[in-house]
Number of protein chains: 2
Amino acid sequence: MKLFVASGLVFATSLVASATEPEQHAAWKDQGVIYLDHSLNARLHSVPVQAVHLSDGFWSARRKVTTERSLPTLLALLEEHGVVDNFRRLDGRPEIPRKGPLYTDSDLYKWIEAAAWAIASNETSEADKQMLRGDVESLITHIVAAQEPSGYLNTYFVGDKVHLRFTDLPHSHEDYCLGHLIQAGIAYYRATGSRRLLDASIRFADYVVENFGATKRPFVTGHPELEMALVELYRTTGDAKYLEFTRYLLSGVEKDRLKLKDADMRYMFSGKPFVSHTEFEGHAVRALYAASGATDYFTEAGDPAIRRTLDLLWTDLTTRKMYITGGVGSRSAGESFGDPYELPSEQAYAETCASVANVMWNFRLLLLTGDARYTDILERTLYNGVNSGMSLSGNLYCYRNPLASSGEKLRNPWYDTTCCPPNIERLFESLPGYFYAISRDGVYVNLYDNSEMDWHLEDGTGLTVSQATNYPWSGDVKVTVSPAHPAEFAVYLRWPGWASSAEVAINGQPIQTAAFRRGEYISLSRTWKPGDVINIAFPLQPTPMIANPRVADDYGRTALQRGPLVYALEQIDQNGVPLGDIFFRSSAPVTVEVRKELLGGITILRAPGSASEKLLSEEPLYTPMPAVPTRNKRPVILTFIPYYAIGNREPTPMEVWVPLSRFDGPPVAQTAGNVEHHF
Amino acid sequence: MKLFVASGLVFATSLVASATEPEQHAAWKDQGVIYLDHSLNARLHSVPVQAVHLSDGFWSARRKVTTERSLPTLLALLEEHGVVDNFRRLDGRPEIPRKGPLYTDSDLYKWIEAAAWAIASNETSEADKQMLRGDVESLITHIVAAQEPSGYLNTYFVGDKVHLRFTDLPHSHEDYCLGHLIQAGIAYYRATGSRRLLDASIRFADYVVENFGATKRPFVTGHPELEMALVELYRTTGDAKYLEFTRYLLSGVEKDRLKLKDADMRYMFSGKPFVSHTEFEGHAVRALYAASGATDYFTEAGDPAIRRTLDLLWTDLTTRKMYITGGVGSRSAGESFGDPYELPSEQAYAETCASVANVMWNFRLLLLTGDARYTDILERTLYNGVNSGMSLSGNLYCYRNPLASSGEKLRNPWYDTTCCPPNIERLFESLPGYFYAISRDGVYVNLYDNSEMDWHLEDGTGLTVSQATNYPWSGDVKVTVSPAHPAEFAVYLRWPGWASSAEVAINGQPIQTAAFRRGEYISLSRTWKPGDVINIAFPLQPTPMIANPRVADDYGRTALQRGPLVYALEQIDQNGVPLGDIFFRSSAPVTVEVRKELLGGITILRAPGSASEKLLSEEPLYTPMPAVPTRNKRPVILTFIPYYAIGNREPTPMEVWVPLSRFDGPPVAQTAGNVEHHF
C-alpha cells in the first residue's frame, strides 16, 4: 500500500506539471454538459445545450413534459416533504424541523441542475424560463444562507449533529451532496452566467480540499459522485487542486486510516485503489458514478492503469451484467450488481439512477474515444432503461425497472429516497448536449432526432447541422449540413449497432458504405457547402433478440427489438390470454402498426404466437419431458408496445423476454414478412 | 377480529369437551417420532424408531455417519462455540461469558433430540449408545440446573436481560427454544424412558401456558415451532391444556395487544389467524413449521377451516414454490419464499432447515390422510434437498442448497447460526420411524430401503415386514410379510409418482396393477401368512424433467431424474468443457453406470450433449436470433452425479437444470436407448 502511495504521489507531481492550465476558458454559455475543450485526452469536444435545438420529435416531447410537468410537480413534492424547508430552517427559520433522510440536499441540487439545463435550452418557452429562474434564484438564496462561513454546507449535520461531520464518510453522503451541489452550480452557471451557486459550491469544495487529503484528514467517497463533480469544477475553473483531489479519491489509500471494511468498500465501489477493480460489484449507482469520475479524471490527466481498468469494467458491464434495456444492478439487496449473467427479469432492480449513470458514463467514454460502441450503449439505455423511468405524464417515476412483472404498481409520484426523479429530469433537460460533438476534423452526429445544431467547427468555422426524421419509429434521417462557407471536414454519422445495413446518399448521390460497419461512425469527408443534404436509411426490422445462453432467466426466450427500442408485452393488450401462458413463434412474421393515439404515439408490433391449451397455472411444477409437444397449440396474436411505455395504463403484468415455442421449427431470419408503415 | 375471538372461544370449549383424553398411553418405547395412537383424525399411526431396523443400504449409511461422525463432531463444535457453556454458566460457573446468538439453546436441544433417536435405534452400536447417553445425561444436568424455580429456562434472557423476557416475542426466539426443548425432552423420553428433560420442558411449558393466553399476557410465536412441540406434549401427557394453547397460538388474536406489524406477521407466518393464510410467504422455515404445527393441531382437534388452509398452502408450495429437489425458500433476503414460480437456480436459498421442515410437514400430512402424494414430496425432499445438506463425510453442512453454482464453497463445518446441522441430524436419526405406518386395516410401506419392521397390526397381531433392495439405485424391492399368524389385512405399497409402471408379484404370482396408479398406494388385501413375499419392480429410467414454463430460470432446460434422485452436473466431471457452455441433447440416449468407488457408491448418468463452438463467455450478451443454429455444435459427453452428492470433492461449478440444445429436433421419449446396469 505504501509503495502505491509513493508512486501515486510521483505520478501526481508529474500530472500537475504536465496538465496544462487551461489558458483561456470559453464563456459560460459555450460550455457543454461536460466541458472538454482543454482536456488532454478527449477526442471529441461537447456542444453546449444552448447550441442544440430539439424540434418536434421523440425527445422534444419528453423534454417538454419534463419542463412543463415534471419540474413543477417534483418541486412541489420536494417542498411538501420539507426538502427546501431543510435549508429555510438554517436561513432564519430554526423552528422548522428537519425532515427526510440525510441525503435530501442532493435531491434539491439535482432538481436545480435539471432546471438549469431547461433554462439553457432555447426550446424552453420564455415564460417557463422565467418561472424556473425565479424558483432557482429563490432556492439559491436559501442554500447560500445555509452555508457556514467555513464553507461547510449540509442541512443534516447541523445543531446537535455538528460533531458527526465527516465522521462516517462511508454512510454520511456529505461527499455525495457536495458533488451534486457542484454539478448544480456548474449547470446554473453554464445556463445563466450566474456564479452564485457555483461560488457556494466552490467554497464547500475548498473546505474539503483544504482539510482532507493524504497528509491531512482522511477522506473517502462513501457514495461516489464527487469525483465527476470535482473534475468538472477543474474544467470550469482551471484550478488543478480539484483534479489532484480526484486523484487522491481514486487512489484508495485511506483504507487503514478510515478502518474501511472490505464489505463496505465493495458496496461503495470506493476506498480501495480504483485501478484494483477488475469487475463491477456492489451498489450499481455508486460503481457507475465512480467509473464516470475515473473516466473524467483519465480524460484530463491520463494514466494507462485507469484506462485499462475502465476497459475491463466496460466489458464486464456490457457482456455480463447489463439488461437488454441498458438497465444495470440486478439485485434489490444492496441495490447491487449480481454475479456474471445474473440478470433476472421479474426480480430485476435496474434502478433508474443506474441507467442514468450508464448513459453518463458511456457519454464520457464516447467523448474520450469517438468510439460508437459507447454510443450504442448510451442509445440503448436512454431509449429503454432510462426512458421507462418517467411516466408519459411526467409525474410518475419508476425506481425499479424490471423486465417482467406480475402486475404490481411500478410508477409512483414520490419515493422517500427520491434520487431517481430529479436524476432523470437533469438527463432529459441536458439531452441536447448529447446529440452532437466536435472533433479536430469535423462533427459527430451521435443521436438521431429532429434537431438543429448551431455551433462551429474546431477552427471556428460556423456550422449548422439539422436533422429531419421520424426516428426511432423510422430509420430514415435527412441531415442538412451548412458550414458558414464551403469547407473541408468530416461528418461522422453513427451507424447504430442494431442496423443490419445502411444506405447513405449525399445530395441524392448514393455513397458506397462497404468500407463501414454497423456499430461505427461513417465518416464522410469532403468539402461541405451550405445546404448539403445527407440521406441515411437504416432498415427498421422487428428483430427477435436472444441473450447469451448463460443468462439463465432469458434462455429459450426472445425479446423483440425494433431500432433502438426494446419491446414488451403488457397483459391488457393480450385479449385475456394470461401472459405466463404465451409463447413466441419465432418462425412467424412480425407486423408493424403505427398507433398515433396510443401511449403518446407509438408503433406497436404484432406477432403470431401460441398459448398453452391448459392454463399453466393449473399444470404441475415438474413433469417428464413429453415425447411430442403437448402444449402451446392455441394460436394467439401477441401485441408488443415499446418497453419505455409500460405501466402507463392500469397496473398489469408485463414481460420483455417471451418464451419461444420450441417445437415449431427453427426460427427464420428476422426479415420475413415485415410490413413497414410510416407516419 | 372480536367476532373471530368469540367464535374461536366457543370452538375451543367444544374442542376440549370433544377431544377425548387419551385413556391409556403406550409405553415410552412404543411411541413414534410423532405419536398418533389416540389422534382424532389420523388415518395412519406411526411406528416407533425402535421397531424399525435399517439394514445395510442407502439410508443406513447416512445414519451410520450421522451417529459416528456428525453427532460427536457437532457436539465438539457446540462446546467450542460456548453453546454448552451457556448452560454451565447458570450451573454455578458465572465467570463463563455467554456466547453466540440468542437462539443457541435450540441448537443444543436439536442435537439432544438427534442423539435420543440414535439411542432409540437398534442399529446403533451399544458403545455408541453408551457414549451418547453419557453425553446427553451430562447435558441434561446442566440444562436442568439452569432452569429457574418458575420453570423459565433460557440462557440468553438472564442477568441484566431478565427484564427483556417475553418483551419482544417476534424476535426473541424464547418460543422457538422452548419448542425444541420439548421435542428433545419427548425424544429422549421415547428413547430411554427418562423423564428428566421431558419434565424440565413441561415445567417451562406450564410456565408459558399459565402466564400467557387470550385472557392473560399476550403471546405469539415469532419463530413457529412451539405449535408442533405443544401438540406432541399433549400426545405424550394427555393434558389438553397444551392443545388448547396451540389453538390460541394458531388463532392469531394478539395482533393489537402486541402491536404486530404486517411485515413482521408476513415474515413470521404467525400472529394473524392461521386460517387467513392463502399462500406461503415470508420466512420459509417459520412458515413450514407453522403449517406442520397446524397439521398436528388438526390431526388432534379437527377444524375444517384449518384443513382447507393446509390444502391451499400445500398446493401453493408444490405447484408454485418448490424446487425439484424439494428445497423451498427461494430468496436469501429474509430466507423467504419468492413470488409464484420465482425459483432461481444459482440464487436459490433453499435452506437445509426448510427441506427438513418440508419432510416433517409432509410426514404429518401422510399420517393424517394416507395419501401417497405427500409421500412423493417427502421422498423427493429427503433424497435430494435434505440429503444434500450434509456431506458424505458427515461433518460439513450446506446452509443454502442452490441448484447451480459458479464454484463457491457450499459446505462448511460450522455456521454462526448453526440451525441446519442438528436439524438434519435429528431427521436422519429418526428416519426409521418414517418407513412404515399402521392403519386400521393393515400396514403402509412408505419408503423403500433394506429394513425390517418388527411391530404389530392395530389389533395387536405381531407383524414383521422386511425389505431387500438396492433402492434407490434399483427399482426392484422384495418385501417379506410375516404376521405372527395367518391374518387378513392389507399391505399398502407405495407406487412412487416418478415410476411410469409397476410390476407386483405375490409369492411369484403376478398381480394385476391396472386398478392402481402411480403416486398412490397399491393395496394388497388378503390373508397373509408368515413368509409371504411380494416382489415389486419399478422401472428406473433416467428421465429428463422439465419445469412449468412459468419458472423463468428453468425454461428451455431439463433436469435429469432417475427414481427419486435428481441429478446434477459438476464441472470437474466434464473434461474441461465449461459448464456454462454445455447443452443437453434431448434426442440422445442417457446411459447408466454403476460407480461403487465414487462418492460413497453412486450410479452416474452419461448423456451425449453439445457445447458451443466458441466460449460463451466471449460471446456478446444480446444478439439477433440467428436464422440457422450457429452454436452448440461440438459433441460432448455430459456426466451427471446425484444432486445430493455435489460439493464433496473440490469446490466446482455445478448445475441441475441444463439448457436444451434447441435445434436438434424434438425430444424423444425417455425410454430410448437406456442401458441399465445393476449392482
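Derivation of every value follows stated rules applied to the coordinates shown; laboratory data play no part. Just so you know, these numbers come straight off a predicted model, no measurement behind them. When we count neighbours, we look across all protein chains shown, and the Cβ atoms used for this are built from the backbone with ideal geometry, even at glycine.
Looking down the axis that turns B into A, which residue of B has the closest beta carbon, and how many Å out?
Of all Cβ atoms in chain B, the one nearest the axis gives B:G556, 1.
How large is the direction-averaged shadow of the alpha-carbon convex hull of region B:440-537, in nm²?
Orientation-averaged projected area of the Cα hull: 5.7 nm².
Evaluated at 10 °C with a viscosity of 1.306 mPa s, what Stokes-Einstein diffusion coefficient in µm²/s does region A:354-427 have when Rh comes from the Kirkwood expression over alpha-carbon pairs?
121
Under a straight-distance cross-link criterion of Cα-Cα below 19 Å, which lysines are reachable from B:K529, leaving out those fewer than 8 residues away in the same chain?
B:K478
Divide, for region A:168-235, the radius of gyration over alpha carbons by 2.2 N^0.38 Å, where N is the residue count.
1.10
How far is B:T417 from itself in the other copies, in nm, if each label sits 7 Å out from Cα along the Cα-Cβ line, shortest first?
2.2
I'd like the trypsin sites (Lys or Arg not before Pro) in region B:587-639 restricted to DSSP loop residues with at most 16 other Cβ atoms within 10 Å, sorted by number.
Here the sparse-neighbourhood loop sites are B:K596, B:K614, B:K633.
Give the relative contact order (percent, whole number) for chain A; include only Cα pairs under 8 Å separated by 6+ residues.
That works out to 13 percent.
How far apart are the A:S138 label points across copies, placing each 7 Å from Cα toward Cβ, in nm, shortest first?
Label point to label point, same position, other copies: 7.8 nm.
Relative contact order for region A:553-659 using alpha-carbon pairs under 8 Å, separation at least 6, rounded to a whole percent?
Normalised by residue count, the contact order of region A:553-659 is 41 percent.
Can you list the distances in nanometres, one decimal and ascending, from the A:P608 label point to the identical position in each other copy, with the point 7 Å along Cα to Cβ?
3.4
Can you show me the helix-derived [θ] at 222 nm for the protein assembly as shown, built from DSSP H runs with n ≥ 4 at -39,500 (n - 2.57) apiece and divided by the number of residues, rounded to the nearest 500. Mind showing how you got there, number by number?
Values: 36 runs with 448 residues, N = 1358.
Theoretical 222 nm ellipticity from helices: -10500 deg cm²/dmol.
Computed over the Cα atoms, what is the radius of gyration of the protein assembly as shown divided by 2.2 N^0.38 Å, N being its residue count?
1.03
Cα centroid distance between region A:534-571 and region B:412-434, in Å?
48
List the DSSP H helices in chain A whose Cα atoms stretch 20 Å or more along the helix axis and whose mean Kyte-Doolittle hydropathy is at least 1.0.
A:2-18, A:352-369
Are there GluC sites (Glu not before Pro) in region B:559-620 that DSSP puts in a loop and that have at most 16 other Cβ atoms within 10 Å, and which ones?
Counting only loop positions with at most 16 other Cβ atoms within 10 Å, the GluC sites (Glu not before Pro) in region B:559-620 are B:E597, B:E613.
State the three equivalent ellipsoid semi-axes of region B:544-659, derived from the C-alpha gyration tensor as the square roots of 5 times its eigenvalues, in descending order and whole Å.
Semi-axes from the Cα gyration tensor: 25, 16, 14 Å.
Provide the per-residue ³J(HN,Hα) series for region B:394-407, in order, calculated from phi with Karplus coefficients 6.51, -1.76, 1.60 and θ = phi - 60°, each as a whole number of Hz, with x at glycine and proline positions.
Those phi angles translate into x, 10, 10, 10, 8, 8, 7, 10, x, 9, 7, 7, 8, x Hz.
Using 20 Å bins from zero, what percent of all Cα-Cα pairs in chain B falls into each bin?
18, 52, 27, 3
Any idea what the dipole of region A:553-659 comes to, in debye rounded to 20, about its Cα centre with Lys/Arg Cβ at +1 and Asp/Glu Cβ at -1?
Details: 11 positive and 12 negative charges, 76 e Å.
My answer is approximately 360 debye.
Work out the length of the dipole vector of the protein assembly as shown about its Cα centre, built from +1 on the beta-carbon of each Lys and Arg and -1 on the beta-carbon of each Asp and Glu, and round it to the nearest 20 debye.
900
Take the cross-link list B:K99/B:K161; B:K99/B:K129; B:K409/B:K614; B:K110/B:K255 and give me the ones stretching past 21 Å between alpha-carbons.
B:K99/B:K129; B:K409/B:K614; B:K110/B:K255
Could you list the GluC sites (Glu not before Pro) in region B:232-328 that lie in coil according to DSSP, counting only those with at most 16 other Cβ atoms within 10 Å of their Cβ? Present the calculation step by step, with values, prior to reporting the outcome.
Working: sites: B:E232, B:E244, B:E254, B:E279, B:E281, B:E300; in loops: B:E254, B:E279, B:E281.
Sites meeting the loop and neighbour criteria: B:E279.
Tell me, what ³J(HN,Hα) does each residue in region B:579-587 have, in order and in whole Hz, if you take phi through Karplus 6.51 cos²θ - 1.76 cosθ + 1.60 with θ = phi - 60° and put x for Gly and Pro?
4, x, 9, 9, 10, 9, 8, 5, 8
How much of the DSSP bridge set in chain A is antiparallel, in percent, rounded to the nearest 5?
Of those bridges, close to 95 percent are antiparallel.
Just tell me which lysines come within less than 18 Å, Cα to Cα, of A:K259; anything on the same chain fewer than 8 places away is out.
A:K259 reaches A:K2, A:K216, A:K272.
To the nearest 20 Debye, how big is the dipole of chain A about its Cα centre, given +1 on the beta carbon of each Lys and Arg and -1 on that of each Asp and Glu?
Result for chain A is approximately 880 debye, rounded to the nearest 20.
Taking θ = phi - 60°, what integer Hz values does the Karplus form 6.51 cos²θ - 1.76 cosθ + 1.60 yield along region B:439-446, in sequence order, with x for Gly and Pro?
10, 4, 10, x, 10, 9, 9, 8
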